[in-house]
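Have a look at the structure below, then the notes.
Just so it is clear, none of the values below were taken in a lab; they were calculated from the coordinates. Remember, it's a predicted structure, so these values are computed and weren't measured experimentally. Using ideal geometry, Cβ is built from the backbone for each residue, glycine included, and neighbour counts are taken over all protein chains shown.
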Amino acid sequence: MEELKILILEDSPYDVDLIQYELKKGGIDFISKVVETKKNFIDGLNEFKPDVIISDHTLPQFSSIEALEIYGMLEVKAPFILVTGTVSEEFAARSILNGASDYILKSNLTRLPTAVRNLVKSFRLEEEKGKAQKEVERMNVFLNQVMDSQPILFYVAKFEDNFPIIFISENVKGITGYNSNDFIANPFLWFNNIAPDDKDAFNRLLGQLSTIGSCNGFCEYKWECADGTFRWFVDYFKVIKSEDNELFIHGSRIDITKLKDADLRKIVFTKGMDKMLFMISHKVRHSISQILSLVSLIEEKSTTEEEIRTFIGYLKEPAQSLDLFTKELTDLMGDLKKSNNRLQ
């Protein structure tokens, strides 16, 4: 064990010597600071930052009871060992309840090194445990933040009829409108809200997994949210067998509605473009061809004013056709815009 810093609250130089002697004899490597007043004790805790506190029970202006109160208020992370001349069972119990880590009779100081060694080890283990717990809590907060920011639900379900949910992540509320307790209160809520057209395929897939012994799978389906709208999910799952040979599904459900809507918008847009190209190819090119032919006739032939008026009359039909095309194209673009807005 490395060198320890030991704060000794004691007014008797003789008792201080005895304590230090027993510690050295027991193989404890340490430096010590001796205090005997309340002020010096507080300063010692704050500045010396001891690894161990050893306190006499009774001092002229200060007592171990007051010392324990200060020790507790400052939340000192070091063992407090009470050294006393005599002790009753009631006093010992009260001291431990007040925060003392151990008590040792002055007539049995040989036990002090072992007590110091064990208590320091115990406190450090608790400190490491506390740090580990804080790290776990920090990671849980981080993971919850990550989960809340992503359209991914984690769940556990029983591998039986309608696959009742026994756990689902808290971010389900933001995605579906239902909170996690809704799924615990009604374990069949998820299965019941799968779109009817997709429910049979979902059942067949999971049935095949149990038949062929496969453990993994995924499927896509629509699911009805609390507000009555449907969202698309891709469901990745794994069948797990417990120690009791019970089957469970561990899975994640990813909201892919935006991707599906983008694909649908692309389909609508592509169909619109196909229609537009057809209109340009057949109506515009045909009308332009007619106009160019008539213009060529006017340029090539020496025509009278009457003939020119006749040719201009012939131009009306392709011109009207182009005007109609312009209106149809405007209507088509308007329809595409409305379709796109509905899908957003």
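Among the GluC sites (Glu not before Pro) in the range 14-120, those located in a DSSP loop and surrounded by at most 14 other Cβ atoms within 10 Å of their own Cβ are Glu75. Considering only beta bridges that DSSP places wholly inside the range 1-148, some 5 percent are antiparallel. With neighbour counts taken as other beta-carbon atoms within 10 Å, the residues His250, His57 rank, fewest first, as His250, His57.
Counting 0.36 nm for each residue step from Asp197 to Phe154 and taking away their Cα separation leaves a gain of 13.1 nm. Of the chymotrypsin sites (Phe, Trp or Tyr not before Pro) found in the range 159-230, those in coil by DSSP whose Cβ has at most 15 other Cβ atoms within 10 Å are Phe188.
In the frame of its principal axes, the range 4-133 has Cα extents of 41, 32, 31 Å, reported largest first.
What are the GluC sites (Glu not before Pro) within the range 107-141 that DSSP puts in a loop, where the Cβ has at most 13 other Cβ atoms within 10 Å? Sites meeting the loop and neighbour criteria: none at all.
The range 14-55: D in µm²/s via Stokes-Einstein (Kirkwood Rh, Cα pairs, 4 °C, 1.567 mPa s)? The diffusion coefficient I find is 115 µm²/s. Take the Cα pairs of the range 77-191, get the Kirkwood Rh, then feed it into Stokes-Einstein at 10 °C and 1.306 mPa s and tell me D in µm²/s. D = 83 µm²/s. Exceedance of the 31 Å cut-off in Cα-Cα distance is limited, within the set Lys24/Lys49; Lys33/Lys121; Lys134/Lys258, to Lys134/Lys258. Model label points for Glu47 and Glu135, set 7 angstrom from Cα along the Cα-to-Cβ axis, are 3.5 nm apart.
Multiplying the residue separation of Asn186 and Leu205 by 0.36 nm and subtracting their alpha-carbon distance yields 4.5 nm. If I take R0 = 22 Å and measure r between the Cβ atoms of His250 and Asp227 in this structure, what FRET efficiency does the formula 1/(1 + (r/R0)^6) give, to the nearest 0.05? Once rounded, the FRET efficiency stands at 0.20.
Here's how it looks for Ile249: its modeled amide H is under 5 Å from those of Ala157, Lys158, Phe159, Ile240, which are all 5 or more places away or on a different chain.
In a fully extended conformation the segment linking Lys5 and Phe167 would gain 53.4 nm over its present Cα-Cα distance, using 0.36 nm per residue.
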